[in-house]
Structures are given as structure tokens and as C-alpha cells.
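Have a look at the structure below, then the notes.
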Amino acid sequence: MKILFLDIDGVLNNDGQDWTIERSWTIHDPSVALLNRLLDEIPDLNIVISSTWRVKDRGQEATVNHLVKHGFKHASRVIGSTPDFGDTTNAWFRRGEECLEWIELHNNDCVVEMFAFLDDQKDMFLTLPMYYSSRLVITNQEVGFVERDFDKLKEILCSK
Ligand SMILES: [Mg+2]
């Protein structure tokens, strides 16, 4: 299978939105629609949540339910969340490592043939070997996940 490690803030929402209505739960429907399309077009793609939405007061289930309210059609293809390295020193910068740890932990139950990271913050991935930078698609937080990012993800996820 293929895996997309999904961030939410700055990806499925953006700075250009009105944040007064849903506040920290703000989601941009057109970005969710684009994510639907990616999952439609790549049938063996699944999602693993890397966003901080996966922990604390939200969690994976509440996050997915909320995305469904915003038009997300593929709840069953969200198959997990990355482990949380916590608030320890530098943990914030280790999101990339949390993603790789997820693959390591699921080595026995799934074969990950390709994966990509979708995030708005490149500095969370700097502790990974350079090799992985080709798997990283960085959104512009002013607009979130847009067509240009979609094209890059398809290229990465559908490459051999
Ligand atoms: Mg983010």
C-alpha cells in the first residue's frame, strides 16, 4: 500500500480563512475535496495522521469525524496516527521521525511500497536523511493544500 502522512493545520486549513467560526477546528472544504480526489485517483493510498490533531483534546476519531462534516469521503482509509514523541526537547522538530517510526511499528502488518509527507512546515523534517526530502510536499500556509501540491504528491506516490 501507499501512505500519505497528513498534517492538518496549514494544509486542510489556511491563514486566509475566517477562523472566528470554528476556531481551532477550522477546515477548508476545497482542500478536503482535493484530498478526496487524491484518494479517488490512487486506490491503494491510505492516510496516517501526523498532525497534532491526533493527540490531546482531539484524537484520530474526532478528527476524522470532523473532516467528514467538511466533505471527507474516505474515513475508512485513515488507518492510523503517528506515535507521539511528546513535548520533550526538540520533539516538535521530529515529526519526520515520528512518521518513519509508524512504518517501523507496522512492518509486520502492512507493506508500505511508497509514502509521502504533506505538511506546511519543512523544519519538522530536517532530522531525516536528505534522501527523504524528495518525499516531502510543503504547502503554503496562506492557502493550504492546493492543486500544485496535489500534482507533486501524485508524481511521488505514483513513481516506481
Ligand atoms: Mg501544520
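Residues checked against (1) of a type in the set (Phe, Trp, Tyr); (2) farther than 18 Å from Trp53 by Cβ; (3) under 14 Å from the mean Cα position of the chain (by Cα):
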{"residue": "Thr82", "(1), (2), (3)": "no, no, yes"}
{"residue": "Phe85", "(1), (2), (3)": "yes, no, no"}
{"residue": "Cys99", "(1), (2), (3)": "no, no, yes"}
{"residue": "Asn107", "(1), (2), (3)": "no, yes, no"}
{"residue": "Met114", "(1), (2), (3)": "no, yes, no"}
{"residue": "Phe117", "(1), (2), (3)": "yes, no, yes"}
{"residue": "Asp123", "(1), (2), (3)": "no, yes, no"}
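The residue of the range 113-146 that is nearest to Lys160 (Cα to Cα), among those that are at pLDDT 95 or above and β-branched (Val, Ile, Thr), is Val137. Can you confirm whether the range 115-124 contains a residue that is under 19 Å from Met1 (Cα atoms), part of a loop (DSSP other than H, G, I, E, B), within 16 Å of the ligand (Cβ to nearest atom) and touching an Asp or Glu at 6+ places or on another chain (Cβ under 8 Å)? No: zero hits. Flag set for Leu67, criterion: modelled with pLDDT of 95 or more, away from the ligand (no atom under 14 Å from the Cβ), more than 12 Å from the chain's Cα centre (by Cα) and among the aliphatic types (A, V, I, L, M).
Being in contact (Cβ under 8 Å) with a residue 12 or more places away in the chain, assigned to a helix (DSSP H, G or I), more than 14 Å from the ligand (Cβ to nearest atom) and not acidic (Asp, Glu) is the filter here; which residues of the range 19-58 pass it? Answer for the range 19-58, where residues must be in contact (Cβ under 8 Å) with a residue 12 or more places away in the chain, assigned to a helix (DSSP H, G or I), more than 14 Å from the ligand (Cβ to nearest atom) and not acidic (Asp, Glu): Trp25, Val32, Ala33, Leu34, Leu35, Asn36, Arg37, Leu38, Leu39. The selection criterion, being at negative phi, surrounded by fewer than 18 Cβ atoms within 10 Å (Cβ to Cβ) and within 15 Å of the chain's Cα centre (by Cα), does not hold for Ala62.
The values are calculated or read from the model by the stated rules, or taken from the named source; none is laboratory data. As the structure is a computational prediction, the values presented were derived from the model and not from experiment. In this analysis, Cβ positions are derived from the backbone assuming ideal geometry, glycine residues included, and neighbour counts consider all displayed protein chains.
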